[in-house]
Structures are given as structure tokens and as C-alpha cells.
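The values are calculated or read from the model by the stated rules, or taken from the named source; none is laboratory data. The structure presented is a predicted model; accordingly, all values stated were derived computationally and were not measured. Note: ideal-geometry Cβ built from the backbone for every residue, glycine included; neighbour counts use all protein chains shown.
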Amino acid sequence: MSVPGPAVELRAATADDAREVDRVICAAFGAEDPVEADKVAGLWTDVRASGHLLAEVVAVDGDRVVGHVGVSRCWIDARRALLDAAMLSPLSTVPDAQGRGIGTALVAAAVGAARELGGPAIFLQGSPTFYGRRGFDRASDHGFEAPSRRTPDAAFQVVVLDGFEDWMTGRVVYPEVWWRHDAAGLRDPDLAFLEDLFAREHPPT
Ligand SMILES: CC(C)(COP(=O)(O)OP(=O)(O)OC[C@H]1O[C@@H](n2cnc3c(N)ncnc32)[C@H](O)[C@@H]1OP(=O)(O)O)[C@@H](O)C(=O)NCCC(=O)NCCS
């Protein structure tokens with residue numbers, strides 16, 4: 001897939017891209033918070049090693065990796081069965097390549113990868129403004145609960161896929177690696193800050 005701007009292509013990441021992906025995640029998240037950037041990069045390295053990786057796509061500008069998205073496994077704890085599902089995280093574009101549609105193309109690629117896997121849904125935690133414009137809905141509107149009450153309702157979002165049936169709702173469960181990194185939700189003071197922000201910008205539907 002190509003994206004707006006000169007010579008940017010999306011392709012599946014390979015094992016050889018691991019170091020570049022790490023650099024891209026650190027550059028993207030580190031622009032605001034270097035400590036958070038290290039945490040996200042460390043989490044992603046461990047998700048990759050955990051056996052729960054489903055897809056990984058990089059955006060390449062010439063021979064430079066400028067963007068990355070990861071898709072990994074979670075589950076829906078439905079009444080009838082525990083179901084495999086997908087989650088999108090992390091999403092990164094290096095600062096000097098932002099605003100060119102790369103993030104949007106990577107989100108589309110992640111949803112496309114999840115769709116090809118045939119599961120019921122792809123989830124994420126993130127900005128409702130950014131992801132809402134890119135096809136994601138509030139997950140609670142579809143009967144899904146976040147893995148932790150520490151995820152603001154407006155931030156927990158979903159794209160329901162072709163494999164979904166009406167009974168496939170319930171709590172979403174994250175693999176152990178997310179808990180080991182304490183990444184299944186937010187903690188105060190960030191949690192309280194975002195809850196206040198979302199209550200104003202994205203009131204309950
Ligand atoms: C969010 C991010 C991936 C977007 O990448 P990009 O290549 O600039 O994306 P695009 O060019 O397709 O789209 C730009 C959009 O990103 C929005 N954006 C940039 N930073 C954002 C942020 N921190 N939160 C929400 N939206 C953001 C812009 O407002 C613009 O939105 P609009 O087109 O709906 O008006 C990039 O800014 C980034 O890597 N940020 C740091 C890491 C991060 O926050 N990742 C997402 C975690 S949920």
C-alpha cells in the first residue's frame with residue numbers, strides 16, 4: 001500500500017526490522033515523554049517474544065523506516081466461549097514524517113490484517129478523536145468491557161469485523177505480558193487527567 005507523500009510504502013515487518021522499529025517507537029512517543037517511550041518499546045519487544053504477535057507493519061520512506069503499527073492477540077470473554085481477537089498497539093510515526101497520512105494508512109493496514117485473520121473485532125486504547133475518524137467506535141456501545149476499569153470508556157475502542165456474531169460480547173482479556181508491564185489501562189494522575197478531558201470532549205453516548 002502507498003500513502004500520500006513521496007515514496008512511502010507499507011510492508012510487513014521482518015525480524016531484521018526490530019531495531020528500526022524500536023527506534024521509531026522511541027522517536028514517536030519520546031517526543032512527549034522519553035520514559036513512556038522506553039516503556040512502550042519494551043512492552044512491544046516482550047509482546048513480540050510472547051507468541052501473541054499477529055501482525056506488524058512498517059512504513060518505509062526510501063530505505064528509512066518512518067512508521068510502525070503492531071497487532072497482537074487478546075481475547076473476548078463471551079458467555080459461550082473465550083474468543084481470539086486482535087488489538088492494535090502501538091502506533092508510531094517519527095515526528096518529522098507526521099501529518100502526511102502515514103498513521104492513517106498504518107491504522108487501515110492493522111484493521112486489514114485483523115480482518116484477514118477472520119476474527120470478530122480489533123480493539124485499542126487511544127484517542128477517540130484520532131481513531132474515531134479512522135473507523136473505530138466506542139467499544140462499550142457494542143457490548144465490550146475493557147480489561148481494566150482504569151481504561152476511560154471513551155478511550156477503549158473497536159472495529160467490529162466480519163467474524164462477529166451478536167453473542168460475541170463481554171470483557172476483553174489481555175495476555176499476561178500487558179499486566180507484567182502494567183500497561184492494561186492507566187494509573188493516576190494520567191488516568192484522572194484523561195477522564196476529566198474525555199468527560200468534557202467525549203461525554204457518555
Ligand atoms: C498519532 C500518530 C501515530 C499519527 O501519525 P501521523 O502519521 O501524523 O498520522 P496522519 O498523518 O495519518 O494523521 C495526522 C493526525 O494525527 C493527529 N494527531 C497527532 N498527534 C496526536 C495525538 N497525540 N493524539 C491524537 N491525535 C494526534 C493529528 O491531529 C491528525 O488528525 P486529523 O487528521 O484527524 O486531524 C503520531 O502523531 C505519533 O506517532 N504520535 C506519538 C505516538 C502516539 O501517540 N501514538 C498513538 C497512541 S494511541
Exercise for the section: Return yes when F123 is in a strand (DSSP E or B), modelled with pLDDT of 95 or more, under 23 Å from V21 (Cβ atoms) and under 14 Å from the mean Cα position of the chain (by Cα) and no when it is not. Expected result: yes
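I'm checking my understanding of the structure. Among residues of the stretch 164-189 that are in a helix (DSSP H, G or I) and not basic (K, R), which one is surrounded by the most Cβ atoms within 10 Å (Cβ to Cβ)?
To start, the set of residues in the stretch 164-189 that are in a helix (DSSP H, G or I) comprises 176-180.
After this cut, where a residue has to be not basic (K, R) as well, the list is 176-179.
Numbers: E176: 11, V177: 20, W178: 23, W179: 13.
Checking each candidate, the answer is W178.
Take the stretch 21-48 and flag every residue that is in a helix (DSSP H, G or I), without any contact (Cβ under 8 Å) to a residue 24 or more places away in the chain and farther than 21 Å from R180 by Cα.
Kept after step one, since they are in a helix (DSSP H, G or I), are these residues of the stretch 21-48: 21-30, 34-48.
Next, only the ones that are without any contact (Cβ under 8 Å) to a residue 24 or more places away in the chain stay: 22, 26, 30, 34-38, 41.
The answer is G30, and nothing else.
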Completion exercise
Exactly one of R23, R64, R19 is under 15 Å from P90 (Cβ atoms), surrounded by fewer than 19 Cβ atoms within 10 Å (Cβ to Cβ) and of a type in the set (K, R), and that residue is R23
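Just to verify a result, which residue in the stretch 126-163, among those that are assigned to a strand (DSSP E or B), within 16 Å of the ligand (Cβ to nearest atom) and of a type in the set (A, V, I, L, M, F, W, C), is nearest to V40 (Cα to Cα)? Can you show your working first?
Of the residues in the stretch 126-163, the ones assigned to a strand (DSSP E or B) are 137-138, 144-145, 156-160.
Okay, now just the ones that are also within 16 Å of the ligand (Cβ to nearest atom), so 137-138, 156-159.
Next, from what is left, pick out any that are of a type in the set (A, V, I, L, M, F, W, C): 156, 158-159.
Working: F156: 18, V158: 21, V159: 23 Å.
It comes out as F156.
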Practice task
Starting from residues that are in a loop (DSSP other than H, G, I, E, B) and surrounded by 21 or more Cβ atoms within 10 Å (Cβ to Cβ), keep the ones in the stretch 91-119 and report whichever is farthest from the ligand (Cβ to nearest atom).
Solution key: G119
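More than 11 Å from the chain's Cα centre (by Cα) and under 19 Å from H181 (Cβ atoms): which single residue out of R138, R133, R100, R150 fits that description?
On the way: R138 fails: under 19 Å from H181 (Cβ atoms); R133 fails: under 19 Å from H181 (Cβ atoms); R100 fails: under 19 Å from H181 (Cβ atoms).
Testing whether each residue is more than 11 Å from the chain's Cα centre (by Cα) and under 19 Å from H181 (Cβ atoms) leaves just R150.
Looking at the stretch 139-151, can you tell me whether even one residue there is hydroxyl-bearing (S, T, Y), under 13 Å from A85 (Cα atoms), touching a strand residue (DSSP E or B) at 6+ places or on another chain (Cβ under 9 Å) and modelled with pLDDT of 95 or more?
Residues of the stretch 139-151 that are hydroxyl-bearing (S, T, Y), as a first pass: 140, 148, 151.
Of the ones still in play, those that are also under 13 Å from A85 (Cα atoms) are none.
For the stretch 139-151, residues hydroxyl-bearing (S, T, Y), under 13 Å from A85 (Cα atoms), touching a strand residue (DSSP E or B) at 6+ places or on another chain (Cβ under 9 Å) and modelled with pLDDT of 95 or more: absent.
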Completion exercise
Inside the stretch 67-90, the number of residues satisfying the requirement of being within 9 Å of the ligand (Cβ to nearest atom) and either modelled with pLDDT under 95 or surrounded by fewer than 24 Cβ atoms within 10 Å (Cβ to Cβ) (or both) is 2
